[in-house]
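Remarks on the structure that follows.
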Amino acid sequence: MNKPLALIVDDEPDILELLEITLSRMGIETHCAYTLGQANTLLQNHVFDICLTDMRLPDGNGLELIDQIQAMQAPMPVAVITAHGCMDTAILAMKKGAFDFVSKPVDLAVLRQLIKSALKLSDTHTEKNQQMRHSLLGESVVMREIRTKITKLARSQAPVYISGESGSGKELVARLIHQQSSRGDQPFIAINCGAIPHELIESEFFGHKKGSFTGAISDKKGLFQAAEGGTLFLDEVADLPLSLQVKLLRAIQEKKIRPVGEHQEIPVDIRLLSATHRNLANMVQEGSFRQDLYYRINVIDLCIPPLRDRIDDIPLLTGHILARLTGDNSPGLSPSAQEALQQYHFPGNVRELENILERSLALYNGKNIEVDDLNLPVSSPQTTTQADYDPAQGSLEDYLEDIERKAISAALEDNKWNKTAAAKQLGLSFRSFRYRLKKLNLDN
């Protein structure tokens, strides 16, 4: 079996020697280059499994090398070596397609883990791609593009920000990025940031030491440590309090965490994916979300389209959902029912489609599902725009709370005051839903 082959590009002899020795001890052959010109010559004459490159080179920079490798028919993973604190450069490199980065002075343990992850990418992804087609359904142009992007994003360690409306499938996309990646056999930890009480959130993220606060009766590992070697998915990241945003930024940049009550930082190896249905860019402008954290988690943006923008996928989704709910003898939809679904606005997206079909199974006559069985709203809710708000009505906060109160009350009425079902319809965890009920005095 041939040894993996690595290209190392750096104009500092000491760094080259250190990297060469480290990779050799891992059973990896190396070719070294001091300049971009030498690297290009080696690329023309050899097939490499991985490339490590410094950013500053005598005849150019590592970004140019990334562009050249990405233009190849079968690009290998590229890891960039950056000066300590040069996060802007590292982010730009990952936007261009770099697999990951390592800062000087090079931490050899971090480097070895990075290389192991990168070399896993040479495995075939044919079977995984087939699995993804069965998980993320849809043959519309937009869904084909999403699957292609997932495959590309899985070949990187770059943080990905997944945007999209509630119920559009953001967590499913995050899981697929993880499963397709070199971390696919390691933990995938998903957390709804809006469902954790603010006083416990630091402990939940980073863990705590015994006795660090009242109730800390033993050491506890946080979510970062639970996701070690794998992927941490922060859903509704917009709900993070500002106090934690600062600590999260440091954890991402330094790849280290400090549990509550601990004096030493602990290195962690995770890939970060995040999502929200809210507009983070607007929140940055308002000052409720840190700009530096926004840029750090939004290295690559993946926008999930709403269901109404891919109505051609509704028949396929409908058949799949009904088969999952009923087994082999799933009912069909009458032509008029199918047409009604394709004309509906779906403010709750795929999650709402699932709820509608589940409800219709309790109402249909045992043959086909008809329009009346779907029990669709007469008119779909219109999206509230900024123009709808009149300052004369009171503060913006009161106005938004009124909208939230009406939406929750409507969901409770739709589900005969079943709180669990109402929370599901709104795309909220039950804990988050219960918190909103209490905040809006609707829990009586």
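In region 191-215, which residue that is of a type in the set (D, E, K, R) and in a helix (DSSP H, G or I) is farthest from residue 244 (Cα to Cα)? Show your work before the answer.
If we filter region 191-215 for residues that are of a type in the set (D, E, K, R), which is where we start, we get 199, 202, 204, 209-210.
With in a helix (DSSP H, G or I) added as a condition, the list becomes 202, 204.
Working: 202: 7, 204: 11 Å.
That would be 204.
Please tell me if residue 4 is touching an Asp or Glu at 6+ places or on another chain (Cβ under 7 Å) and closer than 20 Å to residue 155 by Cα.
yes
So, in region 176-209, of the ones that are touching a residue at least 40 places away in the same chain (Cβ under 8 Å) and open to solvent by 60 Å² or more (accessible area, probe 1.4 Å), which residue ends up farthest from residue 259 (Cα to Cα)?
Filtering region 176-209 for residues that are touching a residue at least 40 places away in the same chain (Cβ under 8 Å) and open to solvent by 60 Å² or more (accessible area, probe 1.4 Å), the one farthest from residue 259 (Cα to Cα) comes out as 179.
So, in region 275-310, exactly how many residues are acidic (Asp, Glu) and buried (at least 17 other Cβ atoms within 10 Å of the Cβ)? Outline the logic, then answer.
Start the filter on region 275-310 by keeping residues that are acidic (Asp, Glu), which leaves 286, 292, 301, 309.
Those still in the list that are buried (at least 17 other Cβ atoms within 10 Å of the Cβ) too: none.
Number of matching residues: 0.
Residue 330: farther than 23 Å from residue 427 by Cα, modelled with pLDDT of 90 or more and either open to solvent by 70 Å² or more (accessible area, probe 1.4 Å) or hydroxyl-bearing (Ser, Thr, Tyr) (or both), yes or no? Spell out how you get there, then give the answer.
On the way: farther than 23 Å from residue 427 by Cα: yes; modelled with pLDDT of 90 or more: no; either open to solvent by 70 Å² or more (accessible area, probe 1.4 Å) or hydroxyl-bearing (Ser, Thr, Tyr) (or both): yes.
Judged against the criteria, residue 330 is not a match.
For every residue, the table says whether it meets (1) open to solvent by less than 90 Å² (accessible area, probe 1.4 Å); (2) in contact with a Pro (Cβ under 6 Å, 6 or more places away or on another chain); (3) within 21 Å of residue 357 (Cα to Cα); (4) modelled with pLDDT under 70.
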site	(1), (2), (3), (4)
382	no, no, no, yes
388	yes, no, no, yes
391	no, no, no, yes
394	yes, no, no, yes
401	yes, no, no, no
415	yes, no, yes, no
423	yes, no, yes, no
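Mind listing whichever residues of region 1-18 are more than 13 Å from residue 34 (Cα to Cα) and of a type in the set (A, V, I, L, M, F, W, C)?
Within region 1-18, the subset more than 13 Å from residue 34 (Cα to Cα) is 1-6, 18.
Across region 1-18, the qualifying residues are 1, 5, 6, 18.
Quickly run through region 115-145 and pick out the residues that are modelled with pLDDT of 85 or more, over 19 Å from the mean Cα position of the chain (by Cα) and open to solvent by less than 90 Å² (accessible area, probe 1.4 Å).
Matches in region 115-145: 115, 118, 119, 138, 139, 140.
Quick check: is even one residue across region 363-371 surrounded by 14 or more Cβ atoms within 10 Å (Cβ to Cβ), at pLDDT 75 or above, within 30 Å of the chain's Cα centre (by Cα) and not aromatic (Phe, Trp, Tyr)? Talk me through it step by step, then tell me what you get.
First, pick out the residues of region 363-371 that are surrounded by 14 or more Cβ atoms within 10 Å (Cβ to Cβ): 364, 368-371.
Adding the requirement that they be at pLDDT 75 or above leaves 364, 368-371.
Adding the requirement that they be within 30 Å of the chain's Cα centre (by Cα) leaves none.
So far as region 363-371 goes, no, none of its residues is surrounded by 14 or more Cβ atoms within 10 Å (Cβ to Cβ), at pLDDT 75 or above, within 30 Å of the chain's Cα centre (by Cα) and not aromatic (Phe, Trp, Tyr).
With the checklist (1) small (Gly, Ala, Ser); (2) at pLDDT below 90; (3) closer than 21 Å to residue 147 by Cα in hand, flag the one item residue 319 doesn't pass.
Evaluating residue 319 over (1) small (Gly, Ala, Ser); (2) at pLDDT below 90; (3) closer than 21 Å to residue 147 by Cα leaves (2) as the failure.
Return a yes/no flag: does region 222-243 have any residue that is open to solvent by 40 Å² or more (accessible area, probe 1.4 Å), over 20 Å from residue 114 (Cα atoms) and of a type in the set (D, E, K, R). Step through it out loud before you land on a result.
Quick first cut of region 222-243, residues open to solvent by 40 Å² or more (accessible area, probe 1.4 Å) only: 225-226, 228, 242-243.
Among the residues that remain, those that are also over 20 Å from residue 114 (Cα atoms) are: 242-243.
Restricting the remaining residues to those that are of a type in the set (D, E, K, R) gives none.
Among the residues of region 222-243, not one is open to solvent by 40 Å² or more (accessible area, probe 1.4 Å), over 20 Å from residue 114 (Cα atoms) and of a type in the set (D, E, K, R), which makes the answer no.
Mind listing just one residue for me: the one in region 165-175 that is open to solvent by 20 Å² or more (accessible area, probe 1.4 Å) and assigned to a helix (DSSP H, G or I) and, of those, farthest from residue 150 (Cα to Cα)? It would help to see each step written out before you state the result.
Within region 165-175, the subset open to solvent by 20 Å² or more (accessible area, probe 1.4 Å) is 165-166, 169, 171-172, 175.
After this cut, where a residue has to be assigned to a helix (DSSP H, G or I) as well, the list is 171-172, 175.
Values: 171: 13, 172: 11, 175: 10 Å.
Applying the filter and picking the extreme gives 171.
Return the pairs, sorted by first residue and then second, in which the second residue is surrounded by fewer than 13 Cβ atoms within 10 Å (Cβ to Cβ) and not in a loop (DSSP other than H, G, I, E, B), the first residue lies in region 425-444 and is touching a residue at least 12 places away in the same chain (Cβ under 8 Å), the beta carbons are less than 9 Å apart, and the residues are 6+ apart or on different chains.
Matching pairs, first to second residue: 433/420.
The values are calculated or read from the model by the stated rules, or taken from the named source; none is laboratory data. Everything numeric here is computed off the predicted structure, so don't read it as measured data. Quick reminder, even Gly has a Cβ in these numbers, built from the backbone with ideal geometry, and neighbours come from all protein chains shown. Note: areas computed on protein heavy atoms with side chains; ligands, DNA, RNA excluded. Shrake-Rupley method; radii C 1.70, N 1.55, O 1.52, S 1.80 Å.
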